[in-house]
1. S117 - would you say it is open to solvent by 20 Å² or more (accessible area, probe 1.4 Å) and closer than 15 Å to V159 by Cα?
2. Can you tell me which of R44, R70, R55, R38 is without any contact (Cβ under 8 Å) to a residue 60 or more places away in the chain and of a type in the set (K, R)?
3. Where the second residue is open to solvent by less than 50 Å² (accessible area, probe 1.4 Å) and charged (D, E, K, R) and the first is on the phi > 0 side of the Ramachandran plot and touching a residue at least 40 places away in the same chain (Cβ under 8 Å) and lies in the range 142-155, which pairs have Cβ atoms under 7 Å and are six or more apart or on separate chains?
4. Taking the range 138-180 only, how many residues are closer than 21 Å to L111 by Cα and assigned to a helix (DSSP H, G or I)?
5. When you check D130 against the structure, is it within 20 Å of G49 (Cα to Cα), open to solvent by less than 20 Å² (accessible area, probe 1.4 Å) and modelled with pLDDT under 95, yes or no?
6. Regarding R107, is this residue in contact with a Leu (Cβ under 9 Å, 6 or more places away or on another chain), open to solvent by 40 Å² or more (accessible area, probe 1.4 Å), among the basic types (K, R) and in contact (Cβ under 8 Å) with a residue 12 or more places away in the chain?
7. Could you check how many residues of the range 67-87 are within 13 Å of the chain's Cα centre (by Cα) and of a type in the set (K, R)?
8. Looking at (1) touching a residue at least 40 places away in the same chain (Cβ under 8 Å); (2) over 21 Å from G176 (Cβ atoms); (3) among the basic types (K, R), which is the one condition that is false for K93?
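The values are calculated or read from the model by the stated rules, or taken from the named source; none is laboratory data. Just so it is clear, the model here is predicted, and its values are computed rather than measured. So basically every Cβ, Gly included, is an ideal-geometry build from the backbone, and we count neighbours across all protein chains shown. What goes into the accessible areas is simple: the full protein's heavy atoms, side chains included, and nothing from ligands, DNA or RNA. Shrake-Rupley method; radii C 1.70, N 1.55, O 1.52, S 1.80 Å.
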Amino acid sequence: MTLLLTGGAFAATFEGVRFDDSVKLANSELKLNGMGIRAVFIIRGYVAGLYLPDRATTMEGALAMPGPKRIQLRMLRDAKSADFTKALVAGIKKNASPTELEALHDRIAQLEGAIESFGTTAKGDTINLDFEPERGLTLSVNGVRKGSAIAGADFFGAVLGIFVGGKPIDPRLKKGLLGL
């Protein structure tokens, strides 16, 4: 991880991808908590950054913070929406109990629809998974919102669990996002 000084503001670079040290979401300033890479063997899929109001080293700590939160994915290769959907839904299922999955069922379908709407993502695309407590989770690709907001802090917790939960999609990614 490299820190660069640009125009008076810090930025972090990971795997050649620059992340802002802070972002504004819903009139709140979020700080870059950590960065990591999602890779399977030698295939690098994306780098991710987790933005929170304050520093957190656990999923529980991140979820306990009031206010908005962002998971930002920067694509390192092209990916079909079907592959993305499969990975995210599998990650939710890995970390949620059967009772939780039942409560999340309709919202998981809503997430699948939002992901399907962006089709194939290309190398260099930025995907934001933004959570605003009063609104829910929204997805955007390169700044263009996809689908409608998906309500519930429990749903955002299920999505965050994909990346930093007890059974994360990639343990190295979890460590990076939590700054461990």
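1. So S117 does not fit the description; no.
2. R44
3. G152/R107
4. Of the residues in that region, 12 qualify.
5. No.
6. yes
7. 3
8. For K93, the exception is condition (1).
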